Amino acid sequence: MRTWFKIALRNLKKNRRRSLITLLAIALGFASVCLFGGFTQYMYDANQEAAIYGRALGHLTVFKQGFLEQGQLDPARYLLTTEEIESIRGICTANPQVVMVTPQLQISGLVSNGKISTIFIAHGLVPSSIDAFMNGMKLFKFLEFEGRKLEDDSPYGVAVAKGLAKLLGLKVGSNAVVLSTTVDGQTNALDMEVFQLLNVDTEFLNNKVMRVPLAFAQQLYDTRGADRMVVLLDRTENTEPVFKQLRTAMQELGLGVEIKTWKQLSQWYQKVRDMFDLIFLFLFVIVFVIVVMSVVNTMSMAVLERTREIGTLRALGLKRRGVLLMFGIESSFLGVFGCGVGLLLTFMVRAWVNFAQPTWTPPGISASVPLKIILLPSYMVSSGIALVALCVLASLLPALRGSRQNIVDALGHV
Amino acid sequence: MRARNGENLLIEMDEVTKIYTLGQTRVEALKGISLKIGYGEFVAVWGPSGSGKTTLLNLIGMIDQPTSGRLCFGGREITSLTDNQQSDLRNQAIGFIFQGFNLIPVLSALENVMLPLQIRGEKLARALPAAQKRLAQVGLGDFIQQRPDKLSGGQRQRVAIARALVTEPSLVIADEPTANLDTTTAMKIVDLMRELNRGENTTFIFSTHDQRLLAQVDRLIDLQDGLIRGEEYRR
């Protein structure tokens with residue numbers, strides 16, 4: 001075997017210019033796949049973070065059975081009662097993977113500065129739970145706010161999206177009025193004070209969104225209930241197992257609730273993922289074509305130039321599969337060295353990204369975010385193996401042609 | 001030892017033909033050759049260009065297939081063997097010496113000589129001393145690390161001879177082995193082959209025009225127009 005490695009290496013060295021060009025094509029292909037894969041991973045992670053923590057969906061959300069289909073039409077019927085909230089809290093806190101369980105109530109209505117009124121949608125949550133969500137934001141840190149934190153003791157202090165604040169001319173400390181209907185259909189109005197100006201992660205919601213204390217939302221809807229219980233786990237990887245455990249526990253207690261994972265609730269995440277998977281597939285096909293064409297070209301030249309050598313080796317007793325092995329090894333070296341150089345390029349680009357810390361504004365997002373590349377070793381190893389395998393496969397066609405030549409014709413090749 | 005006694009046959013050919021088709025043209029390179037060669041013979045095949053010498057050697061060396069006829073090697077009918085079986089048999093029993101030496105340019109003399117053993121799957125511990133011994137035997141003990149492009153024509157042919165002999169084959173086939181060599185070197189190569197033939201009882205069959213080589217052989221096969229026109233036993 002050592003001899004075949006030697007022959008492969010020395011032939012690559014002998015044709016160094018040709019080897020270098022092929023190697024660079026493989027290196028660029030590998031680096032592209034790794035870097036785009038790293039960027040894709042960053043997008044997955046950032047959107048996952050934005051869904052779980054930024055939009056305070058948590059890892060799991062418990063609704064009253066039927067809320068997602070009928071909740072808008074008959075809110076009073078589909079709100080969780082205080083007893084149900086306590087039962088759900090009891091089940092969830094018994095699970096060691098659960099770090100927080102908190103009620104939320106989403107509301108909507110009109111908000112007015114006295115002169116202009118506009119619609120709003122607001123997320124009512126317990127102010128002391130907000131930090132737990134915000135601490136989970138590592139990648140998309142644009143959700144930082146101007147002003148001060150919402151407080152459990154100040155139920156009228158609310159957060160307003162910057163776009164909405166601009167529309168109504170609100171600043172930190174401004175007062176406004178919100179108007180809505182209670183769960184029983186009565187009109188209700190509340191004064192509010194702007195504690196915070198928020199960046200929101202979705203551009204089209206920037207002029208509509210507010211974040212309010214749960215007590216404020218409950219008072220506006222005239223209820224003590226909540227429309228959901230949000231469960232935050234220690235690790236996102238635990239979502240599925242804990243989902244099953246909690247669902248079983250709640251069914252056993254006959255609570256009449258349904259439980260959803262963050263993935264089921266965040267269609268945006270799945271769409272982003274599908275889009276990037278498609279782009280990645282497109283990129284991989286391009287890399288595939290470039291690598292295959294480069295290797296086929298290099299190996300075809302090698303087979304042609306070494307036809308006499310193939311004839312000689314066959315005369316000495318080398319079997320056809322030995323010829324395939326010889327060119328396969330040569331091609332795998334190209335793949336391995338190409339991936340090695342590609343790995344170096346990948347690290348260099350990532351080091352530059354870490355150093356320069358560029359920012360960008362993703363589509364549909366209202367603020368710029370830091371660009372990052374998250375390199376996953378397992379992904380890089382599998383991409384490397386796939387590329388080396390591709391190189392070997394690409395060499396098979398010319399090598400097969402070489403191995404099937406008539407020995408006498410090969411020996412007479414000039 | 002000799003085939004004419006009908007004993008110890010290494011090669012037996014019976015009405016072997018070889019026809020090449022080049023487009024519309026059909027060329028009968030061999031027109032029904034019957035031939036017997038015994039172990040340890042030193043045989044030359046001679047004749048004018050296009051007489052079928054190389055074709056005959058190619059068929060005996062199993063690097064080409066006859067169109068018809070029977071061809072046995074060491075008692076085995078070789079036309080019925082698969083490509084892999086023929087490859088194994090070539091590796092184990094036949095050594096080739098080519099007119100153009102056909103050494104692998106990226107390997108040293110030693111690595112070139114080890115090659116047939118490594119194709120066979122021999123470990124380096126066995127292949128290395130065998131190759132060193134053969135190179136020393138052909139007088140190249142001091143050149144084992146040289147690549148072919150650093151060796152003279154005669155030295156290259158010696159490496160090729162060492163490579164042909166390293167597997168201790170029953171048969172060595174040489175196609176015009178002295179064609180590319182000057183007289184002195186050619187004589188040395190002929191003497192070397194003769195010495196190996198006598199010392200190790202290895203059968204040598206070669207095609208040649210070289211009278212210096214013809215003077216050394218035991219048996220001369222005169223080939224013309226794809227047919228054996230005559231045979232002469234010199235010893």
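Structure above, values below:
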quantity	calculated
Cα long-axis angle, helix B:124-137 against chain B (0 to 90 degrees, to the nearest 10)	80
At least 30 Å along the helix axis (C-alpha) and Kyte average at least 0.0, DSSP helices within chain A	A:16-49, A:267-305, A:320-356, A:377-403
Candidate residues B:D88, B:D175: accessible-area rank, largest first, probe 1.4 Å	B:D88, B:D175
For chain A, built as a Gaussian network whose Cα springs stay under 10 Å, the top-fluctuating residue of A:E240, A:E84, A:E151	A:E240
Chain B, relative contact order in percent, only Cα pairs under 8 angstrom and at least six apart counted	27
B:V172 long-range amide H proximity, modeled H, under 5 Å	B:G95, B:T203, B:F204, B:I205
Debye intensity ratio in log₁₀ form over the Cα atoms of the protein assembly as shown, taken at each q of 0.11 Å⁻¹	-1.03
Helix-only [θ]222 nm of chain B, DSSP H runs n ≥ 4, -39500 (n - 2.57) each, per residue, nearest 500	-10500 deg cm²/dmol
Theoretical ellipticity at 222 nm over chain A - DSSP helices of four or more residues, -39500 (n - 2.57) apiece, nearest 500	-18000 deg cm²/dmol
For the range A:290-334 versus the range A:152-227, the gap between their alpha-carbon centres in whole angstrom	72
Of all DSSP beta bridges in chain B, antiparallel share, percent nearest 5	60
Antiparallel bridge percentage (DSSP; both residues within the protein assembly as shown; nearest 5)	70
Highest-fluctuation residue, A:A27, A:A389, A:A122 considered, GNM on chain A with Cα pairs under 10 Å	A:A389
Sparsely packed trypsin sites (Lys or Arg not before Pro) within the range B:103-204, loop by DSSP, other Cβ within 10 Å at most 15	B:K123
Dimensionless Rg over Rh [the range A:104-208; C-alpha; Kirkwood]	0.95
Reach of B:K150 by Cα under 16 Å, taken over lysines that are not fewer than 8 positions away in the same chain	A:K14
³J(HN,Hα), Karplus 6.51/-1.76/1.60, whole Hz, each residue of the range B:19-29, x for Gly, Pro	10, 9, 10, 10, x, 7, 8, 10, 10, 8, 6
Long-range HN-HN contacts of A:G124 with modeled amide H, under 5 Å	A:L105, A:Q106, A:I107, A:V212
Rounded to whole Hz, the Karplus (6.51, -1.76, 1.60) HN-Hα couplings of the range A:67-81, x for glycine and proline	4, 5, 8, 10, x, 5, 7, 9, x, 4, 6, 9, 7, 7, 7
Calculated from backbone phi, Karplus (6.51, -1.76, 1.60) coupling profile of the range B:155-160 in Hz, x at Gly/Pro	5, 4, 5, 5, 4, 4
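The values are calculated or read from the model by the stated rules, or taken from the named source; none is laboratory data. Just so we're clear, the structure is a prediction, and the values are computed from it rather than from any experiment. Every residue, glycine among them, receives a Cβ derived from its backbone with ideal geometry; neighbour counts consider all protein chains shown. SASA here: full protein model, heavy atoms, side chains in, ligands and nucleic acids out. Shrake-Rupley method; radii C 1.70, N 1.55, O 1.52, S 1.80 Å.
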